[in-house]
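Written out below as C-alpha cells is the structure these notes cover.
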Amino acid sequence: MTVLLVDAANVVGARPDGWWRDRLGANVRLLARLAALVGRTVPGPDGTPLTVDDVVVVVEGAARDVTAPEGITVVRAPGSGDDALADQAARLAAEGVDVLVVTADRGLRARLPEEVPVVGPGWLLGVLAERPRMSGERPG
C-alpha cells in the first residue's frame, strides 16, 4: 500500500511533446491518467507488485488552476513546487505512510527524507503506457 507523490512539472516535462504550449492542458491530461492508478497494483520500480492507494500531485505555476479528478489529491504550491513536494514527503514519512516520490530533479531528491524512495518519470510514464487509454483520451 503506497502513496505516489508526483512532481507534475517534472513528469510533464520529461517528454518533448509540446507541453510548453499548454501547461495547464498537459497537467489535466496527466492527472486524468494518474486517476486510473488509484487502487490498482502495478509493477513497482524493482518489478515487485506495488499497490497504489493514493496519488498526491504537486502542481505549480500555470498548472495550479488544474481541476483534480476524483481520487487525486492536488497540492497547489503557492511558490516553489520543490518546497511543497519536500514538505509533503516529510509529512507523509513522519506519519509512517509508505510513499514513493516521482521526480528526476536531483536537487529535490537531495531534500527528501532519507527513507523515502524516489523514482524517475520514466517509470511512471511506462506504467501509464501499459494501461489502456480511456475512450477519447489523447496520448501524453
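The table below lists the values:
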{"quantity": "Alpha-carbon gyration tensor eigenvalues x 5, square-rooted, for the chain, Å", "calculated": "21, 19, 14"}
{"quantity": "Computed [θ] at 222 nm, deg cm²/dmol, the chain (DSSP H ≥ 4; -39,500 (n - 2.57); rounded to nearest 500)", "calculated": "-10000 deg cm²/dmol"}
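Here, each number is a calculation from the coordinates, and none is a lab measurement. Small disclaimer: the values here were computed from a predicted structure and weren't measured.
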